[in-house]
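The values are calculated or read from the model by the stated rules, or taken from the named source; none is laboratory data. Bear in mind the structure is a predicted one, so any value in this text is a computation, not a measurement. Counting neighbours? That spans all protein chains shown, and the Cβs are built from the backbone with ideal geometry, glycine included.
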Amino acid sequence: MNLMKKIIILSLSFLICCLSVLALTSKASAPSQDQTVDELTRVRLVIYIFDIDQTQKTVQLQTFVFLDGFPYNKPNVSVLITGAGEAWILCNRTEQTLGGWYYQGESAQATWLLDGIGETFPFDSYILRFDVRYMEYVNTNFTLASTGHHAFFNGTKAYSLNDLWYTNSNLIPTSSISSKELSFSITRSSGTITIYFLEFLAPIIACYYLLGSTLMLDLKKHLSERLWVHVSLFVFVPLFLLAIRDFLPYRSTLSFPEFLLVNLVLSNAIFAIFSIVGRMKAAPVVPQIIRLYRHEPSLSGWDAAGLFLSVLFFVVTYAFTIMRKVNIPASLLLSYLVIPGYICSIPFLITRKQFAERWRRYLFMVLLALLPAIILLIIWLLGK
């Protein structure tokens, strides 16, 4: 009898142990919300851009989120998108796929910031960033899909935005993509850059050539004509600046057009001052450099000094302001369009006979005038 009781007790104990082990095993193997599952949820983003405000470097957009392979059968999932803004997006379940569940959701229109340098206008470009920072079930493995992300212009301004900014088959090109971060590249179209160059930069560059051409006016006989040109340039600068300021993007310092206008005022003042001083001096302190006729100087020493000082000041301020902040070939190209304007009159002041007799002297003078530009090129090459 005692043996039977012992057998029954041992059997019940063994049965209880087996049931406990099975319960623990089933609990450990069953997926829960607090556990990390092996399935990888892929996230796709589609961006509708309704407007770009370049004066504030902001974008009005709407974000669409698509989740593929979400492992939990839940009615909805919240996703946090950050970057240059923030948006909580509630994604609703739509269908079941082989790898899990499919969800999609959209945000309300939001303001997103652009990352870029407005000082390079009209060659400026921007980056639009998106980061997938949080998903409601934090232990879910998720990553951005390698393909399927799109951004394009939409709404009433879509036609004008497609004309102003570069798109590839009406899609904004992707700049970079990683497991959690996505960025799009927003750059101006080639047609827009050409138009803006002709509208905002070409008139200013032409003024530099007008300023340099004043050296062809004889200092002693045509000082009043020179001063009229200088006064006209002084009037042009503020009027042109007022006309273009509403078109310039947000910037922390002077843009290309603004810098050229400010420097034009300084160069114009230097030219005017040296013209007046050179006219007042009966015998110039600085020796005459280039002569057009045997008895009449074509470029006085004061003109040459003002020319060299203007170019030197332009290069120094250019190198330590714009090129220090924006080290791009466009800024270097722009400087080489402006600097020849200072010396544009020199070839017209030299006859063929004089050039044949003194070409070494003239070559030295041109190289001396271009020396600041050469220094600028060296600075740019060292900064690469």
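The table that follows gives values for the structure above.
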| read-out | value |
| --- | --- |
| Odd one out for L182, checked against (1) within 25 Å of T55 (Cβ to Cβ); (2) buried (at least 18 other Cβ atoms within 10 Å of the Cβ) | (1) |
| Filtered residues of segment 218-252 (kept if more than 20 Å from D53 (Cβ to Cβ), surrounded by fewer than 18 Cβ atoms within 10 Å (Cβ to Cβ) and at pLDDT below 90) | D218, K220, K221, H222, L223, S224, E225 |
| The one condition in (1) more than 30 Å from T253 (Cα to Cα); (2) β-branched (V, I, T); (3) crowded, with 16+ Cβ neighbours inside 10 Å that T143 fails to fulfil | (3) |
| Positions within segment 182-192 being touching a helix residue (DSSP H, G or I) at 6+ places or on another chain (Cβ under 9 Å) and part of a helix (DSSP H, G or I), in sequence order | G191, T192 |
| Within segment 63-130, strands (runs of 3 or more DSSP E) holding 2 or more residues that are surrounded by 19 or more Cβ atoms within 10 Å (Cβ to Cβ) | 76-83, 87-97, 100-106 |
| Restricting segment 124-155 to residues that are free of Cβ contacts under 8 Å to residues at least 40 places away in the same chain and of a type outside the set (G, A, S), the residue that is farthest from I177 (Cα to Cα) | V138 |
| Residue within segment 161-181 that is in contact with a Ser or Thr (Cβ under 6 Å, 6 or more places away or on another chain), part of a helix (DSSP H, G or I) and not acidic (D, E) present | yes |
